[in-house]
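Worksheet: one structure, shown below.
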Amino acid sequence: MNKVLILYDSATGNTATMAQHIAEGAGSIDGVEVRVRSVDEATADDVVWCDGLAVGSPTNMGVMSWKMKRFWDETMGPQWMKVDGKIACAFSSSGGWGGGSEIACLSLLTVLMNFGFLVFGVTDYVGKLTTLHYGAVTARQPRDAESQQACRKLGKRLAEWVAVYAGGRQDQHPLAKSDERLPPG
Ligand SMILES: Cc1cc2nc3c(=O)[nH]c(=O)nc-3n(C[C@H](O)[C@H](O)[C@H](O)COP(=O)(O)O)c2cc1C
C-alpha cells in the first residue's frame, strides 16, 4: 500500500471540507491508504509515514495560517533533511475569489520545497472556467460542483503520482489515462 496524508488547518470548517473531498479523490485510486489529520492533531510521525501529502490552509492575509506555519517551524523543524522526496501539493480556502488563495498555496509549496518535497500543480481543467494549476482553491466552502471536483482531482492526482513514483505503477500515470483529462475550453 502507498500512503497519502491530507494535512489541513481550518478555523471555520471550509478548508476541512476541502480536505474531505481531496481524501475522497485520493481514495479513488486502489492500493492507496489515506489518512486525514488536522494541524491540531497531526504529528511529525504522520508526515514521516506518508509517501505523498496534500497540505491545506485557510488564506490568511494572503499566506498560510500561523498554525500551519508553526507546524512546519516547530513540529517538523527537527525532521528537516529527513523527509526529502515525498510528493506534495497544496490547497486553500479564501474569503473570496481574488483574495490570495493561490498565493497562499504558493506559500505552502515554498515551505514544502524547503523540506525537499517534490511539489506539483495540475494542468487539467475540471470545468470550462475551473482549474487548479497551483493547487485546489475555493472561496469559502467548496459548495459548487466544480470546486468539489477540483478538490477530488487534486487528491486523485496526488494518489496517482504516489502510485507511479513510490509504487512503480506506470499504469497510474495521468498521461496513460488521457481519456479522463479535460483540456481548457
Ligand atoms: C486572520 C484572517 C485573515 C484572512 N485573510 C484573508 C485574505 O487575505 N484573503 C481572503 O480572501 N480571505 C481571508 N480570510 C478569510 C478566510 O480565508 C476564509 O474565511 C476561509 O474560508 C476560512 O477557511 P476555514 O473555514 O478553513 O478557516 C482571512 C481570515 C482570517 C481569520
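No lab work stands behind these numbers, since they all come straight from the coordinates. From a predicted model like this one, the values you see are computed outputs, not experimental measurements. Cβ: placed from backbone, ideal geometry, glycine included. Neighbour counts: every protein chain shown.
Give me the three principal axis extents of the chain from the C-alpha atoms, as integers in angstrom, largest value leading.
Cα extents, longest axis first: 43, 39, 22 Å.
What number, in percent, do you get for the relative contact order of the range 2-180 if the mean sequence gap of Cα pairs under 8 Å and at least 6 apart is divided by its residue count?
Result for the range 2-180 is 27 percent.
Kindly work out what percent of the DSSP beta bridges joining two residues of the range 2-180 are antiparallel, to the nearest 5.
Among the beta bridges of the range 2-180, antiparallel pairing accounts for roughly 15 percent.
Distance in nm between label sites at Asp40 and Met113, each 7 Å beyond Cα in the beta-carbon direction?
Taking the simple label geometry, Asp40 and Met113 are separated by 3.2 nm.
Wrap a convex hull around the Cα atoms of the range 76-131, take a quarter of its surface area, and give that in square nanometres.
Mean projected area of the Cα convex hull: 4.7 nm².
Picking from Thr130, Leu112, Ala26, whose Cα lies most toward the positive end of the charge dipole for the chain (charges on Cβ: Lys, Arg +1; Asp, Glu -1)?
Thr130
When the distances between all Cα atoms of the range 19-95 are binned every 10 Å from zero, what whole-number percent does each bin get?
Once binned at 10 Å, the Cα pair distances of the range 19-95 give 16, 51, 30, 3.
Counting only pairs 8 or more residues apart or on different chains, how many lysine pairs in the range 80-185 have their Cα atoms under 25 Å apart?
The number of close lysine pairs in the range 80-185 is 8.
Simple spin-label model, 7 Å along Cα-to-Cβ: Glu180 to Gln79 in nm?
Label-label distance for Glu180 and Gln79, simple model: 2.7 nm.
Rounded to the nearest 500, what is the chain's calculated 222 nm mean residue ellipticity when only DSSP H runs of at least 4 contribute -39500 (n - 2.57) each, over all residues?
Using -39500 (n - 2.57) per qualifying helix, the result is -10000 deg cm²/dmol.
With +1 on each Lys and Arg Cβ and -1 on each Asp and Glu Cβ, and nothing else charged, work out how big the dipole of the range 129-185 is about its Cα centre, in Debye to the nearest 20.
Result for the range 129-185 is approximately 160 debye, rounded to the nearest 20.
I need the calculated FRET efficiency for the pair His133 and His173, taking r as the beta carbon distance and R₀ as 22 Å, to the nearest 0.05.
My answer for the efficiency is 0.70.
If packing is taken as the average number of other Cβ atoms within 10 Å across a peptide's residues, how do 67-80, 131-144 rank, most packed first?
Going from most to least packed, we get 131-144, 67-80.
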